[in-house]
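Reviewing the structure listed below.
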Amino acid sequence: MNLFYHFGSYFVLMAKVFKRPEKASIYMRQIIVEMDNLGLKSIGIVAIISVFMGAVVTIQTVFNIDNPFMPVYAVGYTTRQSIILEFSPTIISLVLAGKVGSRISSEIGTMRVTEQVDALEIMGINSAGYLILPKVVASMIINPVLIIISMLLGILGGWFAAVFGGILPEAHYIIGILLEFSFYDITYALIKTIVFAFLIATISGYFGYNTKGGALEVGQSSTKAVVFSSIFIILFNLILTQILLA
Amino acid sequence: MISVKNLYKSFEGNSVLKNVSVTFEKGKTNLVIGQSGSGKTVLMKCLVGLVEADKGQILYDDLDFANLSFSERKVIRKNLGMLFQGGALFDSLNVEENIIFPLDMFTNMTKDEKIERANFCLKRVNLENVNKLFPAELSGGMKKRVAIARAIANNPEYLFCDEPNSGLDPKTAIVIDNLISEITKEYNMTTIINTHDMNSVMEIGDKVAFIHLGELWWEGDRNAILETDNKELNNFIYASELMRKLKKES
Ligand SMILES: Nc1ncnc2c1ncn2[C@@H]1O[C@H](COP(=O)(O)OP(=O)(O)O)[C@@H](O)[C@H]1O
Ligand SMILES: [Mg+2]
């Protein structure tokens, strides 16, 4: 019952969010602001996680498929595929669900409980559109950029592990990284990323926008935003993988 | 002028407004008074369309706001300013940007014109050199003033104020009350003020409507209010020791 209620009101809200904007120039300006807030300010955490993740994947692969019959390219190839197909798009999106999702939800939730949302409505502004749409668009533009950065840094992290950890000859790693490179894998990863970005921004926007009460409820909304964004990322990851790779 | 006719509103069976009919006049400060929880905010939110009334009419001059569509309401919305209880300034914008915001959305003024207008409004509420400060850096009274400046930026015909002096010291409260009253007369606006403060009633109550348990209980002006024999209203007025003492002396 509760779940159906949320589904229903989520779609009602989305209908409001995707109405034609009152003044396009102002929305454009907001999109730029949000790309900075949601995207550029997340580069640090994305970079750190990606480098370490790449290194760990490489080390794990080396130790788990340590076998003289394995071809030289195996480790590099496996590392690259894991990073491009899953680690970067899915894990980094989950991290962003935490970082960006809680930010979106608490920002809008605070505006709701301090009547700033009402102030927008009074002025005749479609508050749902003005507050949520720029965040959705900005995330769908900037998250793919973050994921590409993450892929590059992940692979670089693997290289660090190989070279400085001395567990694998550099040349073998590079042969593997370059082997049978398919652009479709990147496309697949980016499609997933864009869908996840949409989920994070809209679900967090939904919980923020429907906050009632005070500071405590703002916190609860942002917890819900993170939990539900994460669940739906995992769910859509399965669905999209079935559709795109089957 | 705004006329409310037979307005009803309930939330999940809890009926908050019951058959409220009241008129708010142009060029006057119309006060809505009543205890906390009596339904003042809900009434105001119905008037401005933040809450949909269940039944009844809300006439802005001749237009029935309650029964207009979203786009038809825009005409009225552009003529409407509201001062929220907590100010509701946009946290992420500085003072100047807050005031310019409605102008950005709905006018084609140039940047210089907008800044000029912002400065004019700030000056009108006796604030200067605060343009670049953020709401978090302002005192309670300053926030209220900036909120008033934002509410009048677009030259509204109708001004709504929900508890404009709650959380302020008595002196600042009177300053804010008088400011609203002056602006009302100056621009001939229809101003509606929710309050539970008898000081405000005596200072600026051109017209006073007393709401009790969601019903209109009494209507009149600040002179009539002290003479009333309405029991509920008297309970409200003389709730404080100060007012009781004043009554004895007079
Ligand atoms: N959105 C809402 N949902 C349910 N009940 C509400 C809502 N808004 C107000 N109420 C109820 O309406 C009554 C009047 O509230 P309000 O108009 O805020 O009083 P006040 O006169 O103090 O401004 C209160 O009992 C309040 O609980
Ligand atoms: Mg109230």
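Listed values, structure above:
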{"quantity": "Convex hull volume per residue for chain A, taking Cα atoms only, in Å³", "calculated": "144 Å³"}
{"quantity": "Sorted by Cβ neighbour density within 10 Å, fewest at the top, the residues B:Glu249, A:Glu121, B:Glu97", "calculated": "B:Glu249, B:Glu97, A:Glu121"}
{"quantity": "Coordinate range along principal axes, alpha carbons of the range B:39-148, Å, largest first", "calculated": "46, 33, 23"}
{"quantity": "Cα-based helix-to-principal-axis angle, A:2-17 vs chain A, degrees rounded to 10", "calculated": "80 degrees"}
{"quantity": "Helical contribution to [θ] at 222 nm, DSSP H n ≥ 4, -39,500 (n - 2.57), averaged over the protein assembly as shown, rounded to 500", "calculated": "-19500 deg cm²/dmol"}
{"quantity": "Among B:Glu116, B:Glu182, B:Glu157: highest mean-square fluctuation, GNM of chain B, C-alpha pairs under 10 Å", "calculated": "B:Glu116"}
{"quantity": "Neighbour-count order for B:Val42, B:Val175, A:Val72, B:Val146, fewest beta carbons within 10 angstrom listed first", "calculated": "A:Val72, B:Val175, B:Val42, B:Val146"}
{"quantity": "Entries of B:Lys78/B:Lys144; B:Lys5/B:Lys74; A:Lys212/B:Lys231; B:Lys18/B:Lys171 with Cα pairs more than 26 Å apart", "calculated": "A:Lys212/B:Lys231; B:Lys18/B:Lys171"}
{"quantity": "Lysines with Cα under 27 Å of A:Lys192, excluding same-chain neighbours fewer than 8 positions away", "calculated": "A:Lys16, A:Lys19, A:Lys41, A:Lys99, A:Lys135, A:Lys224"}
{"quantity": "Candidates A:Ala128, A:Ala201, A:Ala119, ranked by Gaussian network fluctuation over chain A, Cα under 10 Å, top entry", "calculated": "A:Ala119"}
{"quantity": "Cα gyration tensor shape of chain B, rounded if a/c is under 1.5, else prolate or oblate by comparing a/b with b/c", "calculated": "oblate"}
{"quantity": "Aspartates and glutamates whose Cα lies under 17 Å from that of B:Lys245, excluding same-chain neighbours fewer than 8 positions away", "calculated": "B:Asp197, B:Glu227"}
{"quantity": "Of B:Asn119, B:Asn79, B:Asn129, the one that fluctuates the most in a GNM where chain B has Cα springs shorter than 10 Å", "calculated": "B:Asn129"}
{"quantity": "Gyration tensor (alpha-carbon) shape descriptor, the range B:106-200, a/c threshold 1.5", "calculated": "oblate"}
{"quantity": "C-alpha long axis of helix A:215-245 to longest principal axis of chain A, angle in °", "calculated": "50 degrees"}
{"quantity": "Under 18 Å from A:Lys23, Cα to Cα: aspartates and glutamates that are on another chain or at least 8 residues apart", "calculated": "A:Glu34, A:Glu121, B:Glu72, B:Glu97, B:Asp104"}
{"quantity": "Distribution of pairwise C-alpha distances over the range A:115-190, 5 Å bins, in %", "calculated": "3, 12, 14, 13, 11, 10, 7, 7, 6, 5, 5, 5, 2, 0"}
{"quantity": "Principal axis dimensions, largest first and in whole angstrom, of the protein assembly as shown by Cα", "calculated": "105, 51, 43"}
{"quantity": "As computed over the range B:85-155, the Cα convex hull volume per residue (Å³)", "calculated": "81 Å³"}
{"quantity": "Net charge over other residues, Cβ less than 12 angstrom from the Cβ of B:Pro170 (K, R count +1; D, E count -1)", "calculated": "-3"}
{"quantity": "Chain A, relative contact order [Cα under 8 Å, separation at least 6], %", "calculated": "34 percent"}
{"quantity": "Whole-Å distance, taken between Cα centres, linking the range A:123-178 and the range B:65-114", "calculated": "39 Å"}
{"quantity": "Relative contact order of chain B, pairs being alpha-carbon contacts under 8 Å that are 6 or more residues apart, as %", "calculated": "28 percent"}
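Coordinate-derived values only; no laboratory data. Not measured: the values here are computed from a predicted model. Because the Cβ atoms are built from the backbone with ideal geometry, glycine has one as well, and the counts that use them run over all protein chains shown.
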